[in-house]
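Colleague: This is the structure, below, for whatever I ask next.
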Amino acid sequence: MKKINPKKITSTPYSTQQGSILLWSMVILLVLTLVGLSAVKTAGIGTQVTGNSLFSMLVFQGAESALGKTANIHYVKMAVDNIPTREIDVPAGDLPDEDASKGALTSEVNVAWRGYQKCPLTSIALSTTVAAQSGGVACQYYDIGAKTGLKGTGARATHMLGVVKYAPAQHATLN
């Protein structure tokens, strides 16, 4: 086995080094920094998209909830009895009160009587004394509209529901 003489090991003097390792490490650091900043920006955009989707679903469900709560004969009768417009705005106290993380959902509901019209064909069995062809039945049409918004955001939803009620045709004038 050959012994290595430590005096014979030569090293490159500092004056002849060019600093290429430092240069390449700085370039790699710069590239990694740019990749990191890009990832942070992409994550921020993803968070905004998720939040907007959540707010959209909240107002959609809020509008549907308001329609479901007000689509009943009580509000329809109130609209018919409200002469001459045959339209009412449902009081805010009667609407669902739902809190959300960024604020509160606010809903406005309007019930409007649209008059008598020809009844749609259905599978409902009617006796001959009230059948449409004998003039014994007419259909009353109502529109129920709900507008819902989420405070603190731009999220809004508007939903409409058409309601048909069968009624005696004694005083009906069909449109």
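Colleague: Simple spin-label model, 7 Å along Cα-to-Cβ: Q61 to T33 in nm?
Modeller: Distance between label points: 4.5 nm.
Colleague: So if R0 is 35 Å, what FRET efficiency would T47 and E108 give, r being the distance between their Cβ atoms, rounded to the nearest 0.05? Walk me through the numbers before you get to the answer.
Modeller: Numbers: r = 30 Å, r/R0 = 0.87.
E between T47 and E108, to the nearest 0.05, is 0.70.
Colleague: Ranked from highest to lowest mean number of other Cβ atoms within 10 Å per residue, what is the order of the peptides 60-70, 41-51? Walk me through the numbers on the way to the answer.
Modeller: Details: 60-70: 19.3, 41-51: 10.3.
Most protected by this proxy first, the peptides run 60-70, 41-51.
Colleague: Another question, if that's okay. For I83 and S20 in the same chain, what is the full-extension length gain: residue separation times 0.36 nm, less their Cα-Cα distance, in nm?
Modeller: Values: separation 63, 0.36 × 63 = 22.68 nm, distance 8.95 nm.
Taking I83 through S20 to full extension adds about 13.7 nm, to one decimal.
Colleague: Based on other C-beta atoms within 10 Å, arrange L37, L58 from fewest to most. It would help to have the intermediate numbers written out before the result.
Modeller: Numbers: L37 10, L58 21.
With the sparsest Cβ surroundings first, the list reads L37, L58.
Each reported figure results from applying straightforward, stated rules to the coordinates on display, with no laboratory input. Remember, predicted model here, so these are calculated numbers, not experimental data. Cβ coordinates were reconstructed from backbone atoms using ideal geometry, including for glycine residues, and neighbour counts include every protein chain displayed.
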